[in-house]
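This report concerns only the one structure given below.
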Amino acid sequence: MLTAILLGFGLGLRHAFDPDHTVAVSAIAARHRNPWVASWIGVSWGIGHGATLLLVGLAVIALGVVIPEALAEWLELCVGVALMGLGAVNVLAAAESVEQTGGEPALRSALARSGLVGLLHGLAGSGAVALLAVTSMPDPAAAVAYLAVFGAGTIGGMVAFSCALGVPFARIGAAGAARRWVSVGTGTLSLLVGAYLVCAMIYAQGILPLVS
């Protein structure tokens, strides 16, 4: 049991720092100047991610459900589209000089976006791979413990990352030009990573043939 707990927390902490995860949270947090807001964005992503993994993991444990690789690839495609959407929002907002104040309506919107992307990440790509460890646990109790601490580790890692982002974002928050550059930078990165994921998954699904 102790092994399952340590393994789950360590893998969850590492899983939070996957590139597509950090890019998504960075794009959402970049438009807020409050480190507290940034930390809640990380919590929202982690809860969405953990909820998906927990529900599916329990189905794997109780019913022996197997996650098809093709489904994980399609969900990865959805993550790519979501990243492109987040990036486009940041770039367009910067181009139009739209400044969010981080008030309650903006926070709710940011939390909703972050939670939705977290839900998608829960089963896409590496999230599906993380569930494979459930099947190697010695008993159901250890498997459930692994899922719980994996989710806690993921939330903890993402909160730490988003808080680290929030501090420099807060320092440049007063400078409109600097905020626009941050928004453009995170938006462009999100667009590029999203486009890469979309192209990779399209080729993986055989929708478009590789050029020989």
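The values are calculated or read from the model by the stated rules, or taken from the named source; none is laboratory data. This is a predicted model, so every value here is computed, not measured. Keep in mind that these areas ignore ligands, DNA and RNA; they rest on the heavy atoms of the full protein, side chains included. Shrake-Rupley method; radii C 1.70, N 1.55, O 1.52, S 1.80 Å.
Put ARG180, ARG31, ARG14 in order of accessible area, largest first, 1.4 Å probe: what do you get? If you can, show how the numbers build up before the last one.
Working: ARG180 85, ARG31 25, ARG14 140 Å².
Largest accessible area first, the residues go ARG14, ARG180, ARG31.
Keeping all protein chains in place and using 1.4 angstrom, which order do TYR203, TYR146, TYR196 fall into by accessible surface area, from largest down? Could the numbers behind the result be given before it?
Numbers: TYR203 100, TYR146 0, TYR196 155 Å².
These residues rank, largest area first, as TYR196, TYR203, TYR146.
Determine how large the accessible area of LEU197 is when every protein chain is in place; take a 1.4 Å probe and give Å² rounded to the nearest 10.
Surface open to solvent at LEU197 totals about 20 Å².
When the solvent-accessible surface of protein heavy atoms is calculated with a 1.4 angstrom probe, in what order do ILE47, ILE61, ILE41 fall, highest first?
On the way: ILE47 100, ILE61 50, ILE41 0 Å².
Sorted descending by solvent-accessible area, the residues read ILE47, ILE61, ILE41.
I'd like the Karplus ³J(HN,Hα) series for region 68-84: coefficients 6.51, -1.76, 1.60, θ = phi - 60°, whole numbers in Hz, and an x wherever there's a Gly or Pro.
Karplus-based 3J(HN,Hα) across region 68-84 equals x, 4, 5, 5, 4, 5, 5, 5, 5, 4, 4, 4, x, 5, 5, 5, 5 Hz.
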